[in-house]
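Asks: Take this structure, written in structure tokens, and hold onto it; I'll ask about it next.
The values are calculated or read from the model by the stated rules, or taken from the named source; none is laboratory data. These figures come from a predicted structure and were not determined experimentally. With ideal geometry, Cβ positions are generated from the backbone for all residues, glycine too; neighbour counts draw on all protein chains shown.
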Amino acid sequence: MQILFKNNNFINIMNPEKKAKLLREEINKANKLYYVDNSPSMSDQEWDKKFQELIAIEKEFPETKTTDSPTQRVGASPAKGFNEHKHLLPMLSLGNAFNEIQIRDWYERVLKLLEIENLDMVCELKIDGLAVSIFYENGVLTKAATRGNGVIGEEVTENVKTIRSIPLTLNGNYPEKFEIRGEVFLPLSKFKKLNAKREKKGLESYVNPRNSASGSLRQLDSNVTSKRPLDMFFYSLGYTNENSNFSSHWESLNMMKNWGCKINDLSKKVNSLEEIFGIIKNIEKIRSDLDYAIDGLVIKVDSLHYQNILGHVGREPRWAIAYKFPAEKQETILRKININVGRTGAITPWADLEPVVIDGVTISKATLHNREEIIRKDLREGDRVIVQRAGDVIPQVVKISKNNIRNNSSKSFIFPRKCPSCDSNLINDEQNAITRCIDHSCPDQIIRTIEHFASKVAMNIEGFGKKIIEEFYKSKIIHNITDIYDIKNKKDQILDLSNMGEKKFTNLVNSINNSYHQPLEKLIFGLGILGVGSEASEWLARKFKSIENLINATEDELLKIDGIGEIVAQSIIKYFLIDENKILLEQLISIGINPVYVEQEIEINNVFYDKNFVITGKFESFSRLELENKIKYLGGKITSSVSKNTNFLIAGESPGSKLKNAQKLSINIVDENEILSMLEIEEK
């Protein structure tokens, strides 16, 4: 008999390998019942006890540890970078339909191609997450990868192993080696809790569950991923090394469920368009009650034989289509009209709403744009209004509800004449329909300016979000941007604050120290010069090479830069004439923040060099910022609006009006797959 001591207790182990195997089976079964079947069989205390016992055995007897052990879900050492994974079968993109007519057109095309009169189909919810491919060999999870560009993705095996609804081992009979595909997502309830924790720590809230899921899965440190409550629905088989025994997609879904894979229970098999339209109406009714975000319905031909006959055009299968839901609108009460003071002094009204759930997200605030918008819509406090949230767009008040009833106390909103932050007189910028505070000592402007300077797209000072900045400013720890670099000398004062501990302080100081090494264009953008965005900052850095040269630039020199117009040029000149800004820059330079632009060697005959690109919509393979940086690296320019000078419009999902403008001007339009191919060619 072998005796294993653990925390001054001992465990009798007749056969460590047999005991470890039994514990793995019990824990894996409990995980499936809890995370997949939603039918818990074991208390948390009992699960923890078995899990700790397994950890102890595997530590004492390393030979008992297996790759499919539930202890492998806690994460591995940080990776240096993701390896590329070439999909054995391409992960295709779906064509979109936005109404019943387009669904009918697709259905009739399919029938015509197959020369049949009707066929079975499968309807599945279109989960708003991240597509992944998972390989199993002899029933054990061996590899996982993101969709990437549909042909090449990133290997994220260790991260995927941390997701408890994904089985590390399968049940029953399965092919020797095969692939299953699905969508990783962040449940809305968990997303809300995650943001609450971040807000409590003074960190910025995540924008939406989809981006959070994508960012969590693509962490180089899988220990970080293991702390994110990710989930997954499986939706199809991919590659298999032997002929499939299935004749239909519906059969394969049911078999995946038998193997222990989590399948969405709202998937339905149908054989008519009327059933599909009925499902769409039903899903639209219950959509707000779901604990995960969806943006549509996927309709697939059920017969695998028919799928093979239909094939695909480009990277879109003929045998499937995605119906996209229109932007969801909800009715609620406009409780109060508030005023926000931005970093440039712009006065922006926003609505405090009676909380309402839209696209699975609780909305309690919405933009009201400007004074003219409030007047045009005649919005008043207490009105019943229609609110809309489309994709990642900030919620907005669309109009007054037809159910709105006003009483005698209802009054038109009177826009303030004095700044709510500093009480100085406000100025109306009629040309840009903006009301502005021009007092540079305005507390709200200073706080927003510091927040902008520290943001990820500027000096990237992690852990220095809005709430901490406000607390530091109100506690007189910081008064301006340069005070950030004196934070390390105010440790005792900072540790007395409510949410700041030793570790958090150390991380913040390290992040501040790292900001010394940010490139010139990041510093220029971080200054928050009116009209100077990230792309203009890049042009200015490339032209003037240093902050001193930019300070001394003339209007004529600025106007020679392609993309800099008269208004922006004058804004830059005006910024450097203000005494407070001169002092700020002198102080930054004196403490060592004075980067010099380093010219990158660019192959001038590539397709991106000196071309103007506009980006619109959402992308699965990269963020907008990542795409912008790649294009800039290759010598391209990013502009915010479509014009006759635009060379390419890169259109993702939900592209909006920019796509229509590009079509009118006959601009080259490329989708996600095409831009990935262009980048791949230039990066070889």
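Asks: Being aliphatic (A, V, I, L, M), closer than 25 Å to Ile583 by Cα and under 32 Å from the mean Cα position of the chain (by Cα) is the filter here, so list the residues in the stretch 426-468 that pass it.
Replies: The answer is Ile446, Ile447, Ile450, Ala454, Val457, Ala458, Met459, Ile461, Ile468.
Asks: Check Leu634, Leu625 and return the single one that is of a type in the set (A, V, I, L, M, F, W, C) and either touching a residue at least 60 places away in the same chain (Cβ under 8 Å) or over 23 Å from Phe82 (Cβ atoms) (or both).
Replies: Leu625
Asks: Out of everything in the stretch 547-598 that is among the polar types (S, T, N, Q) and part of a helix (DSSP H, G or I), what residue ends up being farthest from Ser441 (Cα to Cα)?
Replies: Looking at residues that are among the polar types (S, T, N, Q) and part of a helix (DSSP H, G or I), I get Asn549.
Asks: Does Ile547 qualify as being over 30 Å from Lys197 (Cβ atoms) and either in the same structural domain as Thr344 (by TED's automatic domain parsing) or in contact with a Ser or Thr (Cβ under 7 Å, 6 or more places away or on another chain) (or both)?
Replies: no
Asks: Mind checking which residues of the stretch 167-204 are out of contact with any helix residue (DSSP H, G or I) (no Cβ under 6 Å at 6 or more places or on another chain), over 16 Å from Gly215 (Cβ atoms), in a loop (DSSP other than H, G, I, E, B) and hydrophobic (A, V, I, L, M, F, W, C)?
Replies: Passing the criteria: only Leu168.
Asks: For the stretch 117-154, name all the residues that are more than 22 Å from Gly95 (Cα to Cα), modelled with pLDDT of 90 or more and not aromatic (Phe, Trp, Tyr).
Replies: Glu117, Ile134, Glu137, Asn138, Gly139, Val140, Leu141, Thr142, Lys143, Ala144, Ala145
Asks: Also, I was wondering about something else. Does the stretch 412-458 hold any residues that are acidic (Asp, Glu), touching a strand residue (DSSP E or B) at 6+ places or on another chain (Cβ under 9 Å) and farther than 19 Å from His479 by Cα, and which are they?
Replies: Asp429
Asks: Quick one: which strands (runs of 3 or more DSSP E) lie wholly within the stretch 206-319 and hold at least 1 residues that are touching a residue at least 12 places away in the same chain (Cβ under 8 Å) and acidic (Asp, Glu)?
Replies: The qualifying strands (runs of 3 or more DSSP E) are 231-240, 294-301.
Asks: Right, here's the next one. Examine the stretch 334-357 for a residue that is in contact (Cβ under 8 Å) with a residue 12 or more places away in the chain, outside any strand (DSSP E or B), among the hydroxyl-bearing types (Ser, Thr, Tyr) and not assigned by TED's automatic domain parsing to the domain that holds Gly296, and state whether such a residue exists.
Replies: Within the stretch 334-357, one or more residues are in contact (Cβ under 8 Å) with a residue 12 or more places away in the chain, outside any strand (DSSP E or B), among the hydroxyl-bearing types (Ser, Thr, Tyr) and not assigned by TED's automatic domain parsing to the domain that holds Gly296.
Asks: Still on this model: Only one of Lys262, Lys281 is surrounded by fewer than 17 Cβ atoms within 10 Å (Cβ to Cβ), over 16 Å from the mean Cα position of the chain (by Cα) and among the basic types (Lys, Arg); which?
Replies: Lys281
Asks: Here is a list: Glu331, Glu354, Glu381, Glu373. Which entry is of a type in the set (Asp, Glu) and either at pLDDT below 85 or within 28 Å of Gly528 (Cα to Cα) (or both)?
Replies: Glu373
Asks: Continuing with the same structure: Give just the number: which of (1) in contact with a Gly (Cβ under 9 Å, 6 or more places away or on another chain); (2) closer than 30 Å to Asn96 by Cβ does Lys161 not satisfy?
Replies: (2)
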